[in-house]
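So the structure is just underneath, and the comments pick up after that.
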Amino acid sequence: MTHDTSSPTTLDAHPREMHPQRWGDPAAATPLPEAARGLVELAFGLADTPATTSVALAPVGVTDEVLAGLRAIAGPDHVHTDDGTRRLRTRGKSTPDLLRARAGDLGDAPDVVVRPADHDEVAAVLALAVEHHLAVVPFGGGTCVTGGLAARRDGYAGLVSLDLVRLDALLEVDEVSMTATLEPGLRGPEAEALLAEHGLCLGHYPQSFQHASIGGFAATRSSGQSSAGYGRFDQMVVGLRVATPRGEWRLGSSPANAAGPDLRQLVLGSEGAFGVITAVTVRVRRLPEVKVYEGWRWDSFVEGATAMRTLVQSGLLPTVLRLSDEAETGLNLARPDAIGEQATGCLMIVGHEGTPGQVEARRAAVTEVLAGLGGTPLGEEPGASWAHGRFNAPYLRDSMLDVGVLVETLETATFWSKVDALYADVRAALERELGAEGGSAIVLCHLSHVYETGCSLYFTVATAAGEQPLERWGRAKAAANDAITANGATISHHHAVGTDHRPWLSAEIGDLGASVLRAVKADLDPTGILNPGVLVP
Ligand SMILES: Cc1cc2nc3c(=O)[nH]c(=O)nc-3n(C[C@H](O)[C@H](O)[C@H](O)COP(=O)(O)OP(=O)(O)OC[C@H]3O[C@@H](n4cnc5c(N)ncnc54)[C@H](O)[C@@H]3O)c2cc1C
């Protein structure tokens, strides 16, 4: 058993600014590893795709009066109109975002980036935006993959990126209630490091953990790799403070209530369209004393999925539970450090965190169930390898783009009885669309999050980028979304709606649901300045 009291996720500081055309730490960009290069060449061939670097942005489109107003609110040092800062606040980090950035398309760049220091300054920026009819895009970590940072700008007097990076304090810890109040600009590692000083943790580790922010987690209803044990981010939130164009909104009077519908849920997942989250109160846990991750092998995806369902429906949920299909296992995508090595069957990663007693008891019970269902224990090496490489895949995506291979992911969720059909239909849609015109695609999948009633399916797709990668991926993604909708599954389990999924949202929530969202938007943001074109159908 691993007695590891450090974070599984490297709490080291990461630079807050990512590379403008790639994922993550600019210093961490690496060429495609040799082992993967051979596989890629065999599957798709290699092409050199240098990125465009020196593209000038459109001139700043807001008036001097607006700039003076922003400077009066946040201070002159916190209002930026230079190309470099505007470039870094252009869109998020989906593969289409990266392709556009690499091609020098900076059409969605904000006119100005403002960095308020606190709730009152955020509220003042919103008031100024209402007065001048400016579109405002709240910016957390900038890791969005659904176009949620690419707001509409037509009809507005300019576009302001409202960067929350300076709201980065741990405001309060209540060790009796086990809650903490965090400001939204804290990045994942920063929040965990501040909580660790109190012996506490959040336990929220999405793959974007190193760069995504607390406000972003709440605004997108994010889900992490340890959400089986710690819960989705929306399940952790007990209170919120929000700045809206209509004024301040505080939510969360008690851990639970029957005082009408739970309005916190209107803010969670609102993607900056209803207000700007300026503080989040979350439920916290004691830092785990022990973490142990291990691998299990299943002969087939169906057998592994059945084992997952059995575990969760018997109330035996480990902290981490994920299952790769045969294709993903074969490529070792769950273990980026081992890509190129052969693996068969389906790899399941099972992780336990807690006190030694808790981990021992839960591990024994889970082992009994999995062994009884025919799983083969692979020991701790695959688990350690997964934990070590768990944040590396986005860097690999950049190295693949460098050699002309487009890699993108998409995710959905459904009930257990519908998983097989959804899996088959989404795969088929992607393969059909990307296989048209003589192309080929590799489609991989893992079950990433489980619930008593169902699970989420996370697909990774690789294909030759070709001459028109944006159009090629756009057609494939639309076909996958149509398949998801036809199966009655959700358009997003954790990546949110943004602009990319918006055309499919009404099919999921119905015309009445769309009308409710429009009514809430009209009430909280009557002049429509907040993230226009994002989320609300
Ligand atoms: C490589 C990679 C891996 C990822 N893995 C995961 C994963 O495992 N799980 C997961 O859930 N997601 C994942 N994502 C998606 C993304 O990281 C999440 O959606 C994350 O929650 C976004 O947080 P952020 O701080 O970067 O928000 P941003 O990208 O800055 O913003 C996202 C949206 O929320 C709005 N917003 C941001 N902050 C606020 C605020 N304070 N108030 C109001 N609105 C706000 C923005 O306007 C935007 O619409 C991944 C993305 C990438 C690129």
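Every number here is computed from the coordinates shown, using simple stated rules; none is lab data. As the structure is a prediction and not an experimental result, all values here were calculated from the model. Heads up, the Cβs are rebuilt from the backbone with ideal geometry, glycines too, and the neighbour counts pull from every protein chain shown.
Excluding T281 itself, calculate the net charge of residues whose Cβ lies under 9 Å from the Cβ of T281, where each Lys or Arg counts +1 and each Asp or Glu counts -1.
Working: positive: R241, R283; negative: E172, D174.
Neighbour charge sum, excluding T281 itself: 0.
Computed on the Cα atoms alone, the convex hull of the stretch 173-240 gives a volume of 81 cubic angstrom per residue. Across the stretch 221-229, rounded Karplus estimates of 3J(HN,Hα) from the backbone phi angles (6.51 cos²θ - 1.76 cosθ + 1.60, θ = phi - 60°) give 6, 5, 10, x, 5, 10, 5, 4, x Hz, Gly and Pro being marked x. Pairs of Cα atoms in the stretch 113-247 fall into 5 Å distance bins, from 0 up to the last occupied one, in shares of 2, 10, 19, 22, 19, 13, 8, 5, 2, 0, 0 percent. Here the contact order of the stretch 289-401, divided by its residue count and restricted to Cα pairs under 8 Å and six or more residues apart, works out to 41 percent.
Between E248 and A35, residue separation times 0.36 nm minus the direct Cα-Cα distance comes to 71.3 nm. Past the 31 Å Cα-Cα mark, which pairs from K93/K521; K477/K521; K291/K477? K291/K477, as the Cα separations exceed 31 Å there.
Using a cutoff of 8 angstrom between alpha carbon atoms and counting only pairs six or more residues apart, the relative contact order for the stretch 207-267 works out to 22 percent. For the stretch 181-332, what percent of Cα pairs sit more than 28 Å apart? Across the stretch 181-332, Cα pairs with separations above 28 Å total 32 percent. Neighbours of T244 by Cβ distance under 10 Å: Lys/Arg scored +1, Asp/Glu scored -1, total -2.
Kirkwood radius, the stretch 23-71, all distinct C-alpha pairs, inverse of mean reciprocal distance: 15.7 Å.
Quick one: putting +1 on the C-beta of Lys and Arg, -1 on the C-beta of Asp and Glu, what dipole do you get for the stretch 84-161 around its Cα centre, in Debye to the nearest 20?
Working: 10 positive and 9 negative charges, 97 e Å.
Dipole size: approximately 460 debye.
Put simply, the amide H of V112, placed in the peptide plane, has neighbours under 5 Å in L159, S161, leaving out anything fewer than 5 places away on its chain. The reciprocal of the average 1/r between distinct C-alpha atoms defines the Kirkwood hydrodynamic radius, which for the stretch 1-158 equals 18.3 Å.
For the stretch 325-441, the Kirkwood hydrodynamic radius from C-alpha pairs, put into Stokes-Einstein at 10 °C and a viscosity of 1.306 mPa s, yields a diffusion coefficient of 93 µm² per second.
What's the local net charge at Y230, with K and R +1, D and E -1, over the other residues with C-beta under 11 Å away? Each step should come with its number before you reach the end.
Values: positive: R232, R283, R285; negative: E353.
Charge balance near Y230 sits at +2.
Residues whose amide H falls under 5 Å from that of R390, counting only those 5 or more places apart or on a different chain, are absent, with hydrogens built in the peptide plane.
For the stretch 147-207, what is the per residue volume of the convex hull drawn over the alpha-carbon atoms, in cubic angstrom?
Normalising the Cα hull of the stretch 147-207 by residue number yields 116 Å³.
When the alpha carbon gyration tensor of the chain is reduced to an equivalent ellipsoid, the three semi-axes, largest first, read 36, 29, 22 Å. The H on the amide N of H449, modeled in the peptide plane, is under 5 Å from the matching H of S456, each at least 5 residues off or on a different chain.
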